[in-house]
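Below: the structure, in C-alpha cells.
The values are calculated or read from the model by the stated rules, or taken from the named source; none is laboratory data. These figures come from a predicted structure and were not determined experimentally. Cβ sites come from the backbone with ideal geometry, for glycine too, and all protein chains shown count toward neighbours. Please note that ligands, DNA and RNA were not included when accessible areas were found on the heavy atoms of the full protein model with its side chains. Shrake-Rupley method; radii C 1.70, N 1.55, O 1.52, S 1.80 Å.
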Amino acid sequence: MKKRVSLLLACLLVLTLCLTAMVGAEKDVVNTISLPAALIKGHSYDLQIADASLSVNGESCEGTFVAEGTQAVIAYTDGEGSAIASYTLPVVDTKDSADHCAYFYDPSGAVSKVENENNIALSFSQDSTVSFLTKLNPEDLAMYFTAVEGKTNFESVSFTMTDAQNATVKVTFTVDTAAKTVSQGSQKAELEDLNDIVQLRYKDASQKLMLGNDKALLSCEKDDSGEAFQGFPGGVYLTVSFAGVKGASTLNMTRLGNHALGHKNSTSPDMTEPTMVFTSAVPSTMYMDDVFAFPAYEVYDVLSPVTESSVTVEAPDGTVYTESFTVSQYGKYKLTSTAKDACGNQAKTVKMIFVNDDVAPELTVSQMESTSYKVGDAVKIPGYTVSDNLGEYNVDVILFLPNSEIRLLTHDATGEITYCLTDSSLYSASFIGDNSSFKAEQAGKYTIRYVAYDDQHNRVVQELSFQVHW
C-alpha cells in the first residue's frame, strides 16, 4: 500500500506540478496550461497565456523570467485580479549544463541516472516515470535507446509528448519489450532487436513516427484523448514511463533530438548547436511591391539556454533587413537564420527567395522598305530597338518562308549579335546577302518575326509580312 501511495504522489508531482488554486476561471482554460516538470537554474522561461496575468514568486512578470533559487511559485490571475491557478515548480541545478543526468527529472527517486561514454542509463526496479526538462523540437524528435540484456525486466516503456502550448494534447508511443512492437492508440508496428539502438524519430511535418529517417512506423491521426491530432506548433515536453516492472532494469538513452547522449570526446558541457523552426510560412518566390513579413520561429536546444537568435534578409544590392519591407528589387534575396546557445554552439541556415522579373522587354521594330518584291531581290531586314528593365535581353529575328520553312536570321544577346543569315554552313549562296539582308528565293508570303525575351522568359513578339512575286 505504501508503495502505491508513494508512486501516486510522484506521478502527481510530475504531471500536475502542485496545482494549488483555481478560482473564478473556466476549467478548460486552466487545463491547457503546459509547464515543464521542473525549471532549470539559469534558463529563461516565458509562461504567459492569453487573457491572464503572470507572477513569479509574488512578483509580476510581463514577459520572460530566469529561474533561480530552489523553487518558483507561478501564479495566474484574470483581468480582475482573481486567482486562476498557482503552481510550485522546483528549480534544478544542472551545473551550467554539465550535469546531463539532472535533465531527467524524477522527484520520487525511483529512477537512477548514470552518464556513460555513449548513453545515459536509466535504472529502475518499479513502475516509474522520468521527465526531460527542456522543451524539445517536434520537427525531428529523435528518441534513441537500447535495452540492456538481462535487465529488460519490464513490460513496456512509453514516450509521451505533451504539447508545450496546450497540456491537454498528448501523444504516447508505447514499446512492448516482449512483443518488440511500438503502438499509438489502435496502431501497432514491429520493431527490430531492442538490444541494438532503436532509432525512433517523430516528424511533426508528417505527424509520423519513423524508424530512422526512412521507415514510417505509425501515423498520428488522433491524440491520446481520441481527439483529431494537428501536430505540436510550439514544442513538446517529453516523459519516459516504465510499466510492468518485475525486477532491476535499465534502459540506455543514446540520443534526444539532435543531441547524442554520453560524455564521449566531450570537451564542453554542450557541443551541439540549437535548432530553429519556422512556425509561419517562408515564401520561395515573391513579386515586385510584395510586402515581406518576417516569419515567426521557435528555437530549441536540448541542454543549454539559447542566448541569441535572429533572422535577416539580404537584398540583391546588399541591403540587410531585420523587419518587414516592401520588395523593390528583382533577383535573389538571402534569408539567414542564426541561433547560438550559452556554450557558444551556433546554428546557421540560409534560404534563397527569388523575386522574379515579370516585365517583358520593350521592342520597337522599323517598317519594311517595301512590302512587295520579286524573286531574287535583296530584302533588307528592318532594324529594331530593345531595352529591358534589368538591362539584359535576347532578340531572335526569324524568317518564315512561303514553304513553311523557318530560318533564324540573327540572335542578339544584349548587343552581341550572331549573324546566322550569312552562315554558309546553314544557308545556300542563293539566300545569303549580308548582315542586314537576304535574297528572296521563293514566290509567296514571307513573315519576319522579332522575339524579344529576358532571362525569366518574359517576351514580346512583333511580325512584319511581305509578298514575293515572279
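A compact table of results
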read-out: Filtered residue count, the range 392-423, keeping only those that are in contact with a Cys (Cβ under 8 Å, 6 or more places away or on another chain) and closer than 30 Å to Tyr330 by Cα; value: 2
read-out: The range 154-178: number of residues that are in contact with a Lys or Arg (Cβ under 9 Å, 6 or more places away or on another chain), assigned to a loop (DSSP other than H, G, I, E, B) and open to solvent by less than 60 Å² (accessible area, probe 1.4 Å); value: 2
read-out: Sole exception among (1) in contact with a strand residue (DSSP E or B) (Cβ under 7 Å, 6 or more places away or on another chain); (2) free of Cβ contacts under 8 Å to residues at least 40 places away in the same chain; (3) of a type in the set (Gly, Ala, Ser) for Gly150, by number; value: (1)
read-out: Every pair of residues 6+ apart whose Cβ atoms lie under 7 Å, when the first sits in the range 215-233 and is modelled with pLDDT of 95 or more while the second is open to solvent by 70 Å² or more (accessible area, probe 1.4 Å) and of a type in the set (A, V, I, L, M, F, W, C); value: Lys222/Ala228
read-out: Spans of strands (runs of 3 or more DSSP E) in the range 364-470 with at least 1 residues open to solvent by 70 Å² or more (accessible area, probe 1.4 Å), in contact with a Pro (Cβ under 7 Å, 6 or more places away or on another chain) and not assigned by TED's automatic domain parsing to the domain that holds Tyr330; value: 444-453
read-out: Out of Leu303, Leu363, sole residue that is modelled with pLDDT of 95 or more and touching an Asp or Glu at 6+ places or on another chain (Cβ under 9 Å); value: Leu303
read-out: Identity of the residue in the range 50-75, of a type in the set (Val, Ile, Thr) and within 29 Å of the chain's Cα centre (by Cα), that ends up modelled with the lowest pLDDT; value: Thr64
read-out: All positions within the range 305-360 that are part of a strand (DSSP E or B), open to solvent by 50 Å² or more (accessible area, probe 1.4 Å) and either in contact with a Leu (Cβ under 6 Å, 6 or more places away or on another chain) or within 29 Å of Lys95 (Cβ to Cβ) (or both); value: Val306, Thr307, Glu308, Ser309, Lys340, Gln346, Lys348, Lys351
